[in-house]
Amino acid sequence: MEAVPARVRAYVSCVVLGALCCLLPLPGLRTPWWAVALLAAVYAGCEHVVRRRLGGTFYPVLLAGAFLLPPPAAALVPLPGALLSHVDQRPRALRRVWRAAELALAVWGAGSVHWALGGRDAVVGCDFPYALLPCAAAVLAFCGVLALLDGGILAVADRVPVRRAWRGLLARSLAPIGVHGLAGLMMAVLWRSPYGPVAALLVLLPMCVSWWVFAQYHRERAAHQATIRALVQAVDIKDGYTRGHSERVGQASVLIARELGMDDERVEVLRFAGILHDVGKLGVPTRLLRKDGPLTPEERRIIELHPEYGHEMVRGISFLGEARAAILHHHERIDGSGYPYGLAGAQIPESARVVAVADAFDAMTSTRSYSRARPVDTALAELRRCAGRQFDAGVVEALVRALARDGWHPTVTADSPPGPPAPDLPGSERQSAGRAAR
């Protein structure tokens, strides 16, 4: 267990002990071992294909086991697949043991609920629609156990605040695992029918096809993200003094969005908005971005076009959603003196108000060619001073609360040295948060 903190080892050990306790009644049960072995082998094969080829986890076989077998026997089904699964990150052995114990507990919980509600008799007697009730309860139990354990490992291993560790885990898992639960129920019903296990296994074919389609969607999304990364790298090269700035603004935007209670989908959109907020600089002449000295009014007007350039550049990326509005309006000010359209107050989209604060915060806490980085507390005090005039006061306070709880430890992948300085944009004050308007 290389470099694994003691608290993590203790947590994993407790989960493993819990899984072993679920298996204790096995010697006294009349268990169809051939069915356990067949389901375990099928799950191991599916898990290998799905994780190595498509990405993700394949639950229908596990839930079919929960619907067909006594709970302690069902808890055996995931063990071979989890213990033999491919793991990229170290320590591999600990990660395999953790996954095996977690799934064993989840399947045992689902099986216990299903049997307690009479699900076994409903499956054997093909009692529909009643069979759907214990199935739904079992899926809920399965999701609940996984969410509980995953949230715990986040809190223990990564020291994620407890309030955030479990946020959204259960809700995000219900829909996809619910689909797997229906497939598992179909397997269980066919297994108990005159057609037998062979017919039950045929249910996996359409599931594998749908999973492949789902994986293709994620590959397409990954390609979009690679495109976004390329755009940001191009901005970093062109406007080198802000290298890494876009990534940090994305991270600060995430902190604010979470503190404001946004759901995970919007948080992700705000991350993209922060990363891409300056992509329009690709349309600004490099000589202006790197000019050493004051800008003429005409040069300022040219640079002020960069939000509109950025908005046009990302117009065709559909999944960005409201990030496009943030890119267009992140230089608007609450008092209406910003650009490009002079929007004021609530006219400014919330996403743009979030990115504006994140942008200003990073500008003040980063070392530039013309100024040293300010301490976080000093930057927050400056943001508060400008709240209500330049920035949304509620967004500023959300950042203050988030940093008080989590601190500021940005991770930036850019590693090239900064280039020449870029000039300030209109409305900025050389010693204030207005410097973020660049």
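The calculated FRET efficiency for the pair Ala116 and Leu202, based on their C-beta separation and a Förster distance of 22 Å, comes to about 0.15.
For Phe391, nonlocal amide neighbours, meaning residues 5 or more places apart or on other chains whose placed amide H falls under 5 Å from its own, are Ile334. With axes computed from alpha carbons, what is the tilt in degrees of helix 376-386 against the longest principal axis of the chain, rounded to the nearest 10 within 0 to 90? Tilt of helix 376-386: around 70 degrees.
With each label modelled as a point 7 angstrom along the Cα→C-beta vector, the Arg164-Cys126 pair spans 5.2 nm. Converting phi to 3J(HN,Hα) with the Karplus coefficients 6.51, -1.76 and 1.60 and the offset θ = phi - 60°, the range 221-229 yields 5, 5, 5, 4, 5, 5, 5, 4, 4 Hz in sequence order, with x at every glycine or proline.
Ligands, DNA and RNA left out, the accessible area of the chain computed with a 1.4 Å probe is 61% carbon and sulfur.
Each principal axis of the range 314-395 carries a Cα extent, and these read 38, 26, 21 Å when sorted largest first.
Rounded, prolate or oblate: pick one for the range 99-234, where a ≥ b ≥ c are the square roots of the eigenvalues of its C-alpha gyration tensor, a/c under 1.5 means rounded, and failing that, prolate if a/b is larger than b/c, else oblate. Since a/c reaches 1.5 but b/c is at least a/b, the shape of the range 99-234 is classed as oblate. The value obtained for the range 4-136, namely the Cα convex hull volume divided by the number of residues, is 115 Å³ per residue.
Might you tell me the accessible area per residue for the chain, computed with a 1.4 Å probe and given in Å²?
Heavy-atom accessible area per residue stands at 46 Å².
The phi torsions of the range 147-156, fed into the Karplus equation with coefficients 6.51, -1.76 and 1.60 and a -60° offset, translate into couplings of 5, 4, 6, 5, x, x, 5, 5, 5, 7 Hz, rounded to whole numbers, with Gly and Pro shown as x.
The label point for Thr296 and the one for Leu23, both projected 7 Å from the Cα toward the Cβ, are 7.9 nm apart. Computed from the Cβ-Cβ distance with R0 of 45 Å, the FRET efficiency linking Arg372 to Ala3 stands at 0.80. The spacing between the range 253-270 and the range 79-120, judged by their C-alpha centroids, is 31 Å.
Considering only the Cα atoms of the range 215-328, their convex hull presents on average a projected area of 7.7 nm².
The structure-derived value of P(r) over Cα pairs in 10 Å bins from 0, in percent appears in the list (i) 4, 17, 24, 21, 13, 8, 6, 4, 2, 1, 0; (ii) 4, 18, 24, 18, 15, 12, 6, 2, 0; (iii) 4, 17, 22, 22, 18, 12, 5, 1, 0 under the label (ii). Between the amide H of Val160 and those of Ala155, distances stay under 5 Å, these residues lying 5 or more places away or on another chain, with hydrogens modeled in the peptide plane.
In order along the range 42-47, the phi-based Karplus estimate (6.51 cos²θ - 1.76 cosθ + 1.60, θ = phi - 60°) of 3J(HN,Hα) comes to 5, 4, 4, x, 4, 5 Hz; Gly and Pro are listed as x.
The values are calculated or read from the model by the stated rules, or taken from the named source; none is laboratory data. Since the model is a prediction, treat every value here as computed from it, not as a measurement. When we count neighbours, we look across all protein chains shown, and the Cβ atoms used for this are built from the backbone with ideal geometry, even at glycine. For accessibility, only protein heavy atoms count, side chains too; no ligands or nucleic acids. Shrake-Rupley method; radii C 1.70, N 1.55, O 1.52, S 1.80 Å.
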